[in-house]
Each structure stands twice: as structure tokens, then as C-alpha cells.
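Each remark here refers to the structure printed beneath this line.
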Amino acid sequence: MAERTASVSRDTLETQITVTANLDGKGTGVFDTGVPFLEHMMDQIARHGLIDLDITCKGDTYIDDHHTVEDIGITLGQAVAQALGDKKGIRRYGHAYVPLDEALSRVVIDFSGRPELIMNVPFTQKRVGQFDTELFWEFFQGFVNHAQVTLHIDCLRGHNAHHQIETVFKAFGRAVRMALELDPRMAGMMPSTKGTL
């Protein structure tokens with residue numbers, strides 16, 4: 001089996017990012033982004049998705065975290081798409097429900113080749129520490145557009161914003177893991193009646 005790995009760099013006037021991803025990893029994460037809460041969430045994707053991630057970013061966080069968060073989503077999406085290749089043999093669809101104390105989230109993903117984000121997370125706070133919770137929409141939109149996936153995210157309940165966000169990222173990791181898993185019954189086959197994704 002060919003290695004499903006990729007390293008992608010993005011260099012703009014706002015951010016300089018490198019993302020390395022191994023889709024068949026052990027769930028290890030190395031992060032240096034200047035945004036600690038985002039790194040905590042990237043660690044959830046790595047650990048629960050069993051994806052090895054190495055993400056470095058130098059961004060204009062002296063303005064705010066917006067460009068860093070959005071551009072990491074973009075670059076991660078590009079890295080996953082590149083590592084995935086032609087998509088033959090994958091399960092394609094993934095879903096997960098994840099609780100954390102009072103919070104519960106559901107994430108459903110389709111590596112469809114069509115970008116679509118439906119996100120319903122009624123954040124109970126605008127910030128977790130210094131982090132603007134609305135930036136997670138920007139992260140996922142960047143990922144969706146560049147990984148070319150359909151992604152539905154719903155936080156079904158929760159009153160602690162940290163718990164809400166963490167359940168989303170854990171469920172996202174689990175859903176991605178399921179979708180990218182190689183199905184031995186689909187070996188060499190495209191999981192689509194169109195013959196392409």
C-alpha cells in the first residue's frame with residue numbers, strides 16, 4: 001500500500017504555514033502555531049483520527065487569530081486531499097457522536113469532491129480564554145473548500161463552550177478516521193457510481 005502522506009506549505013503576507021499529515025499514523029501531533037487553544041483542538045483531530053500531524057505557523061496574531069486559524073484549515077485540507085490521492089478503496093463516509101460531560105456533538109463527513117459546510121454550533125460564549133469561538137467556522141470552511149468534502153457539524157447540547165468545541169473536534173477526528181479507512185471489500189474500487197470523486 002502506498003503511503004498516504006503529504007506536506008503542504010502556504011506562504012502569504014498574513015501567514016507562513018507548513019502542514020505534514022500521515023493519514024495512517026498513530027495519532028501523534030506536533031504543533032507550533034502561536035494559538036494554544038487551536039493547537040489543543042488540532043491534537044484532538046490527530047489523536048482521535050489516528051492521523052499524524054505536524055503543523056507550524058507564523059501568523060499575524062498581533063492583529064488577531066483569524067488569518068492563522070482560517071489558513072491552517074485551508075492548508076490542512078490541502079494536505080489531506082493530497083495524501084488521500086484518488087480515493088479508491090476508502091469508505092468515503094464517516095460519522096461520529098462524541099460526548100464530553102454535558103456536551104454532545106455529531107459530525108458527518110463525505111469525501112464527495114464537493115465542498116459544503118453545514119455547521120450548527122450554538123456557542124454559549126463568544127470566547128474561550130482569548131480565543132474567539134466564531135473562528136472555528138472559518139477553520140472548517142477552509143478545510144471543506146480545500147479537502148473538497150461535505151461536512152455537517154451539529155452540537156446537540158452543552159452549556160460549556162470549551163466542551164462544545166472539544167466534542168466537535170473529537171467527533172470530527174473520529175468521522176474523518178472512519179471515512180478515510182481502507183475497506184478491504186472496496187480494494188481498488190472507486191466508492192461512487194460516477195466512477196470518480
| Subset of region 46-94 (residues that are β-branched (V, I, T) and closer than 22 Å to P191 by Cβ) | I51, V80, I90
| said: I need the full set of residues from region 19-54 which are over 21 Å from T167 (Cβ atoms) and either more than 15 Å from the chain's Cα centre (by Cα) or not polar (S, T, N, Q) (or both), in order please. | reply: V19, A21, L23, D24, G25, K26, V30, D32, T33, G34, D52, D54
| query | Among the residues of region 11-32, is there at least one that is free of Cβ contacts under 8 Å to residues at least 12 places away in the same chain and part of a strand (DSSP E or B)? | reply | yes
| request: Search region 175-188 for residues being in contact with a Gly (Cβ under 7 Å, 6 or more places away or on another chain) and part of a helix (DSSP H, G or I), and hand back the single one that is modelled with the lowest pLDDT. | output: M186
| query | Within region 106-146, how many residues turn out to be outside any loop (DSSP other than H, G, I, E, B) and touching a residue at least 40 places away in the same chain (Cβ under 8 Å)? | reply | 19
| field | Residues within region 36-76 that are within 23 Å of A175 (Cβ to Cβ) and not basic (K, R), tallied | value | 26
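Let's see how each residue does on (1) more than 29 Å from E102 (Cβ to Cβ); (2) under 13 Å from the mean Cα position of the chain (by Cα):
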position: V128; (1), (2): no, no
position: A161; (1), (2): no, no
position: F169; (1), (2): no, yes
position: R177; (1), (2): no, yes
position: D183; (1), (2): yes, no
position: M186; (1), (2): yes, no
position: K194; (1), (2): yes, no
| request: Considering each of V69, V8 in turn, give the residue that is outside any strand (DSSP E or B) and either within 19 Å of A179 (Cβ to Cβ) or in contact with a helix residue (DSSP H, G or I) (Cβ under 7 Å, 6 or more places away or on another chain) (or both). | output: V69
| query | Limited to region 142-197, what total is found for residues that are surrounded by 22 or more Cβ atoms within 10 Å (Cβ to Cβ) and among the hydroxyl-bearing types (S, T, Y)? | reply | 1
| If you take the residues of region 11-36 that are more than 20 Å from V176 (Cβ to Cβ) and out of contact with any Cys (no Cβ under 9 Å at 6 or more places or on another chain), which of them is surrounded by the most Cβ atoms within 10 Å (Cβ to Cβ)? | E14
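The values are calculated or read from the model by the stated rules, or taken from the named source; none is laboratory data. Bear in mind the structure is a predicted one, so any value in this text is a computation, not a measurement. Note that we place each Cβ from the backbone using ideal geometry, even for glycine, and neighbour counts take in every protein chain shown.
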